[in-house]
Amino acid sequence: QVQLVESGGGLVQAGGSLRLSCAASERTFSSYSMGWFRQAPGKEREFVAAISMRVGISVYEDSVKGRFTISRDNAKDTVYLQMNSLKPEDTAVYYCALRGSAWPQKDLREYDYWGQGTQVTVSS
């Protein structure tokens, strides 16, 4: 059973930056992708960004393009989310997810494993 451990959340003022990390406990799949989703209070969980761990192809939700950057370290089975120019509407619990297929997807139903989430709060 793969475990995903997130870190890096916290409280930041609007315009600030945070970097989230997510490490997988083991490499179960020969090719896989990892993604970030978020869930604000009272809202459904939504896609943020995802990346193919082997080739580095990435996809983003429109509202974070140009502000967030997803990257990976294959040697460490770790994915990162650098979040810049944060806005109060970015406040949410951020979840890391792993998909046992090479190509990143925006649909959360495509993901096989999930982390427990890390809180990101952006104050105005």
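The values are calculated or read from the model by the stated rules, or taken from the named source; none is laboratory data. Quick caveat: nothing in here was measured; it's all calculated off a predicted structure. Backbone-built Cβ (ideal geometry, glycine too); neighbour counts: all protein chains shown. Keep in mind that these areas ignore ligands, DNA and RNA; they rest on the heavy atoms of the full protein, side chains included. Shrake-Rupley method; radii C 1.70, N 1.55, O 1.52, S 1.80 Å.
Here are some notes:
- Of the residues making up the range 29-64, just one is under 14 Å from TRP114 (Cβ atoms) and β-branched (Val, Ile, Thr), namely VAL48.
- Filter result for SER124 (within 24 Å of GLN1 (Cα to Cα) and among the polar types (S, T, N, Q)): no
- Among the residues of the range 18-56, those that are outside any strand (DSSP E or B), touching a strand residue (DSSP E or B) at 6+ places or on another chain (Cβ under 6 Å) and at pLDDT 95 or above comprise ALA40, ARG45.
- The range 34-57, subset open to solvent by less than 20 Å² (accessible area, probe 1.4 Å) and of a type in the set (Gly, Ala, Ser), residue farthest from GLU6 (Cα to Cα): SER52
- Residue count for the range 14-28 satisfying the condition of being polar (S, T, N, Q) and farther than 18 Å from TRP114 by Cα: 1.
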